Amino acid sequence: MTSSGFSVEAARAAIPQLKVQVRGKGLVYLDSGATTLKPQSVIERVSRYYLNENSNVHRGAHYLAEAGTYAYESARQIVADFVGATTKEEIVFTRGTTESLNLVASALSDSGRLKGKQIIVSEMEHHSNIVPWQLAANRSGATLVAVRIDDRGEIDRGHLRELLGKQTAVVALTACSNVLGTIVPVKEIAADVHAAGSLLVVDAAQSVTAERVDVKSWDADFVAFSGHKVFAPFGIGVLWAKKGILEELPPYQGGGSMIHQVTFENTTWADVPQKFEAGTPNVGGALGLGEAISWFQAQNPDLAMAHAKSLAEKARQELSAIEGVTVYGAPMKRTSIVAFNLNGVHASDVATVLDQQGIAVRAGHMCCQPLMVRLGTKAIVRASFSIYNTAAEVESLLVGVRKAKEMLN
Ligand code: PLP
């Protein structure tokens, strides 16, 4: 434990995947932006559910069903506390950010609120915060427009104000770019969006381990994130919205659990959040998410996140100093993500050379093709740091990039 209360050694000791050997070398995992590693306690929590509590929730009267339901609803409460929700009824469990955003886009479209209106996204959105809106726009005769980003990688707030107007139904923005690392000033933007009478949808996929997410201070209308980017299993995610908005919106999918009463003529809906959780949910995933959040909170998140950011800053500075390396974006507030290229070399080739040295990074368009156009490249290499990374791993990256430069130039 450091004097400041965060111990990277303790965080590392909790993560079994860090023991994986890659071609005889220790794994250097710099791909937490794609998915974080999972602590042993999370894996054990999921196993314990299947071993001792396996049941379908909300529908059985027997012991296991009660235990499973209790655990599932307790996980919802953990998520609600984590994001500062007013009640756990504001938390809808989904498959992930993508499903949460599709849910909002679809329900808003079905509610008629998008008809003939404008939807604003930004130039640096992940495809999952563009395509659902395109589908919804096509269904409802709405127009999709993109607010510009500036050369630093910040939202152009002046352009956003120009675009906003009575015609704007929704603004859907990332709170943290998965390429440039930009931390977007959600609270300030929410004020502009609400002044124009529009709704603000926030993609918090990268934010949950980058800053403290507090839905009340953000004052957004919808917030989406994925469990697997916050130390939890795949296939579980969250949509937060105020209870009143969830109550107003029509359901996203139909099926068991989301109904109050069904006849052939008509169906009435269950209360929220069940209205949006049709079918058997991913109970094990939800319990894993609850455990993951508890684990993260026990690490002293403010210090842990600052640690990850300081590693990324070091990597950013040192990479920028290597001749022939381009580092993308320089937002004022940024998280633990660094996007770069070796000039004249394809990003995948750089990633392959790094992989030979046991270093896991991501290469490609990062599901942000419009942003790649804006940056004037087809692909980038992304090193993303988390709370279990070390300064020695930054050094490994730098050695790896220098080696890639020698081999590929
Ligand atoms: N939004 C951002 C900013 C992301 O980084 C990602 C995943 O990389 C997503 C959305 C989609 O998340 P998921 O694939 O977990 O639904």
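We did not get these values from a lab; they are worked out from the coordinates using the rules stated. Everything numeric here is computed off the predicted structure, so don't read it as measured data. Cβ placement follows ideal geometry from the backbone for every residue including glycine, while neighbour counts extend to all protein chains displayed.
Remark: the chain carries a charge dipole of roughly 600 debye about the Cα centre, counting +1 on each Lys and Arg Cβ and -1 on each Asp and Glu Cβ.
DSSP bridge analysis restricted to the chain gives an antiparallel fraction near 60%, rounded to the nearest 5.
Both radii come from the Cα set of segment 61-137: Rg as radius of gyration, Rh as Kirkwood radius; their ratio Rg/Rh reads 1.12. The shape of segment 1-85 comes out prolate: with a ≥ b ≥ c from the C-alpha gyration tensor, a/c is at least 1.5 and a/b beats b/c.
Between Ile91 and any residue 5 or more places off or on another chain, the built amide H atoms are never under 5 Å apart. Taking the Cβ of Ala175 as the center, what net charge do the other residues with Cβ under 9 Å away carry, scoring Lys and Arg +1 and Asp and Glu -1? Once positives and negatives cancel, what remains is -2. Under 5 Å between amide hydrogens, built in the peptide plane, is the criterion, and for Lys378 it picks out nothing among residues at least 5 positions away or on other chains.
Normalised size of segment 210-257, defined as Cα radius of gyration per 2.2 N^0.38 Å with N residues, equals 1.37. Remark on Gly237: its backbone amide H falls under 5 Å from those of Thr94, Arg95, Gly96, Gly227, a criterion applied only to residues 5 or more positions apart or on other chains, H modelled at 1.01 Å from N.
Kindly provide log₁₀ I(q)/I(0) values, in the same order as q = 0.16, 0.21 Å⁻¹, from the Debye equation applied to equal alpha-carbon scatterers of segment 181-289. Values, matching the q order: -0.85, -1.17. In degrees from 0 to 90, rounded to the nearest 10, what is the angle of the helix 63-83 Cα long axis to the longest principal axis of the chain? Approximately 60 degrees, to the nearest ten. Where a ≥ b ≥ c are the square roots of the eigenvalues of the C-alpha gyration tensor, would you call segment 148-228 rounded, which needs a/c under 1.5, or, failing that, prolate if a/b is larger than b/c, or oblate? Judged from the Cα gyration tensor, segment 148-228 comes out oblate (a/c at least 1.5, b/c at or above a/b). In terms of the Cα gyration tensor, with a ≥ b ≥ c the square roots of its eigenvalues, is segment 283-339 rounded because a/c is under 1.5, prolate because a/b exceeds b/c, or oblate? Prolate. Against the empirical 2.2 N^0.38 Å (N residues), the chain has a Cα radius of gyration ratio of 1.01.
Comparing Asp31, Asp221, Asp302 in a Gaussian network model of the chain, where Cα atoms under 10 Å apart are tied by springs, the biggest mean-square fluctuation is seen for Asp302. Its relative contact order, with pairs defined as Cα atoms under 8 Å and 6+ residues apart, puts segment 1-119 at 10 percent.
Given the DSSP H assignment, sum -39500 (n - 2.57) over each helix run of at least 4 residues in the chain and divide by its residue total; what's the result at 222 nm in deg cm²/dmol, nearest 500?
-12000 deg cm²/dmol
Which one, Gly254, Gly68, Ser198, projects farthest toward the positive side of the charge dipole computed for segment 44-297 from Cβ point charges (K/R +1, D/E -1)? Ranked along the dipole, the leading option is Gly254. Counting only alpha carbon atoms, the long axis of helix 301-320 and the longest principal axis of the chain meet at about 40°. For helix 131-140, what angle does its Cα long axis make with the longest principal axis of the chain, in degrees from 0 to 90 and rounded to 10? The helix 131-140 is inclined about 40 degrees to the chain.
Take the Cα coordinates of segment 115-183, assign each an equal point scatterer, and use the Debye formula without solvent to give log10 I(q)/I(0) at q = 0.23, 0.24, 0.26 Å⁻¹. One equal scatterer on each Cα of segment 115-183 leads to -0.98, -1.04, -1.16.
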